[in-house]
Amino acid sequence: MKTRLPFILLAWVASDIYFFEAVKTLTNNEFILWGYWLLDLLIAVGFAYLVTQRMTGRQHTSLITTLMALTLLVFIPKIFALPVLLLEDITRLFRHFPPRAVWVSELDAAVAGFVFLSLLYGMTGGRHRYKVHRVTLKFPDLPGAFDGFTITQLSDIHAGSFNSRKGVEKGITLVNKQNSDLLLFTGDLVNNRASEMAPWKDTFAKLKAPYGKFSVLGNHDYGDYTHWESEQAKAANLVSLKKVHRDIGFKLLLDESVKIHKDGQSIALIGVENWGKGGFHKYGSLSRAVANVPDDEFKILMSHDPSHWEAKTLEHEKHINLALAGHTHGMQFGIELFGFQWSPVKYMYPQWAGLYEKNGKYLYVNRGFGFLGFKGRLGIWPEITVITLKKVGV
């Protein structure tokens, strides 16, 4: 992030200066012109204040999220509007640079306004616009008793970002309406601290599944992204978070496996601690988690970070039929229309949303139930996944 920061700042300043040309074409009102730069100045001062506070060990989570929201609302619309001005300047180059056309600046402002309103919707209605994604997977080695067995997957709740009880309860009600046999949660219950779940424990305790509720930890659950007064305090937070999983009825799997029994047959459910590529911590051990699982057992793996699939799961000596992950959120921004999928996160994670298959092994990446950083979603809506297992030939 530090290496990209100069480029982000350069893009921000350049887009501001360029878009200002359209503003000047449309108005000479001093209040508007000065206000244009004043907003940027307030955001910059806000981030400078956060830097000084961070140096003293203080955290201002609400201010961070507010500044990020303002930055997106100010910056992103201008980026989308820039091509309009750029195309005009290309034509002006061959016309000896006449004054800018008012209608072009009006079009530029309209594009920016549309993007602004879209982002605003994402920060209000979009954050709780839950979408159920249904997938049916067929396996030759699935025990017959599990033909038609259903699994609901949730991921990335990020309770510390919630501020609408009505919105969250809407999602919980929709989860229970699926009436799935098994409920699996693939990590990131909180942003940083176990206490973030305190207002939401009763709500998430309402989740139901007849064959049980199971969970794993995500990278945010370890408290690695916030300041602690001591290592003991950080360790105590993790202990508290594990208790929260129990309090809301989830069995937390920490590099271990359990058997799910049905009509005299069973499948193995495996859960590993967080393991991520690059700078993310590699706490989990798949080998330790599957140590007691027979080779011929049908296996479902819960592993928060999808990068674990290509790095460890596919090459593992034990055949993992299905892996479930989350982590990417689909970057909470993108396009999913008529089978077309795109989000900037695809350039960081080859497997970033939905279903993937290699050599008869499947990975499903959930787009996340909550949100983080950008307090909303646009195009990549919060997800409830329902997977139906089918036995080939039945």
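Tabulated results
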quantity: LEU137 vs. criteria in a strand (DSSP E or B) and farther than 17 Å from LYS206 by Cα; calculated: yes
quantity: Any hit, region 180-187, residues being on the phi < 0 side of the Ramachandran plot, open to solvent by 60 Å² or more (accessible area, probe 1.4 Å) and either free of Cβ contacts under 8 Å to residues at least 24 places away in the same chain or part of a strand (DSSP E or B) (or both); calculated: no
quantity: Members of region 357-385 that are modelled with pLDDT of 95 or more, of a type outside the set (Phe, Trp, Tyr) and surrounded by 18 or more Cβ atoms within 10 Å (Cβ to Cβ); calculated: LYS361, LEU363, VAL365, ASN366, ARG367, GLY368, GLY370, ILE380, PRO382, GLU383, ILE384, THR385
quantity: Residue match in region 337-349 (condition: open to solvent by 20 Å² or more (accessible area, probe 1.4 Å), out of contact with any strand residue (DSSP E or B) (no Cβ under 8 Å at 6 or more places or on another chain), free of Cβ contacts under 8 Å to residues at least 24 places away in the same chain and in a strand (DSSP E or B)); calculated: yes
quantity: Single condition LYS208 does not satisfy, out of (1) within 19 Å of the chain's Cα centre (by Cα); (2) open to solvent by 70 Å² or more (accessible area, probe 1.4 Å); calculated: (1)
quantity: Region 376-394, residues that are closer than 30 Å to LEU120 by Cβ, part of a strand (DSSP E or B) and not aliphatic (A, V, I, L, M); calculated: GLU383, THR385
quantity: Region 1-29 residues that are more than 16 Å from PHE75 (Cβ to Cβ), paired with ones that are open to solvent by 60 Å² or more (accessible area, probe 1.4 Å) and at pLDDT 80 or above (beta carbon under 8 Å, 6 or more apart); calculated: THR25/PRO99; THR25/VAL102; LEU26/VAL102; LEU26/GLU106
quantity: Candidate set: region 290-315, residues that are open to solvent by 10 Å² or more (accessible area, probe 1.4 Å) and among the acidic types (Asp, Glu); chosen: the one nearest to the chain's Cα centre (by Cα); calculated: GLU310
quantity: Residue in region 271-280 that is open to solvent by 10 Å² or more (accessible area, probe 1.4 Å), over 27 Å from the mean Cα position of the chain (by Cα) and not small (Gly, Ala, Ser) present; calculated: no
quantity: Residue check, VAL45 in a helix (DSSP H, G or I) and buried (at least 16 other Cβ atoms within 10 Å of the Cβ); calculated: no
quantity: Selected residue (only one of HIS158, HIS133 is in contact (Cβ under 8 Å) with a residue 12 or more places away in the chain, buried (at least 21 other Cβ atoms within 10 Å of the Cβ) and either under 21 Å from the mean Cα position of the chain (by Cα) or on the phi > 0 side of the Ramachandran plot (or both)); calculated: HIS158
quantity: From the options LEU72, LEU85, LEU93, LEU67, residue that is over 27 Å from GLY376 (Cα atoms) and touching a Phe, Trp or Tyr at 6+ places or on another chain (Cβ under 8 Å); calculated: LEU85
quantity: Breaking point among (1) open to solvent by less than 60 Å² (accessible area, probe 1.4 Å); (2) touching a His at 6+ places or on another chain (Cβ under 9 Å), for ASP108; calculated: (2)
quantity: Output for region 119-130, where each listed residue is buried (at least 16 other Cβ atoms within 10 Å of the Cβ) and either touching a strand residue (DSSP E or B) at 6+ places or on another chain (Cβ under 9 Å) or of a type in the set (Asp, Glu) (or both); calculated: LEU119, GLY122, MET123, GLY126, TYR130
quantity: Number of the exception - LEU217 against (1) touching a Ser or Thr at 6+ places or on another chain (Cβ under 8 Å); (2) part of a loop (DSSP other than H, G, I, E, B); (3) open to solvent by less than 10 Å² (accessible area, probe 1.4 Å); calculated: (1)
quantity: PHE97, sole failed condition from (1) modelled with pLDDT of 90 or more; (2) open to solvent by 70 Å² or more (accessible area, probe 1.4 Å); (3) of a type in the set (A, V, I, L, M, F, W, C); calculated: (1)
quantity: Among residues of region 227-257, those that are surrounded by 16 or more Cβ atoms within 10 Å (Cβ to Cβ), more than 24 Å from the chain's Cα centre (by Cα) and in a loop (DSSP other than H, G, I, E, B), counted; calculated: 1
quantity: Failed condition for GLY171, given (1) part of a helix (DSSP H, G or I); (2) touching a residue at least 60 places away in the same chain (Cβ under 8 Å); (3) open to solvent by 20 Å² or more (accessible area, probe 1.4 Å); calculated: (3)
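Per-residue answers, yes or no, for (1) touching a strand residue (DSSP E or B) at 6+ places or on another chain (Cβ under 7 Å); (2) β-branched (Val, Ile, Thr); (3) modelled with pLDDT under 95:
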residue	(1), (2), (3)
VAL258	yes, yes, no
ILE270	yes, yes, no
PRO294	no, no, no
LEU314	yes, no, no
GLY330	no, no, no
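The values are calculated or read from the model by the stated rules, or taken from the named source; none is laboratory data. What you see is a predicted model; the values in this text were computed from it and never measured. Neighbour counts run over all protein chains shown; Cβ positions are idealised from the backbone, glycine included. Surface areas here come from the heavy atoms of the whole protein model, side chains and all, with no ligands, DNA or RNA. Shrake-Rupley method; radii C 1.70, N 1.55, O 1.52, S 1.80 Å.
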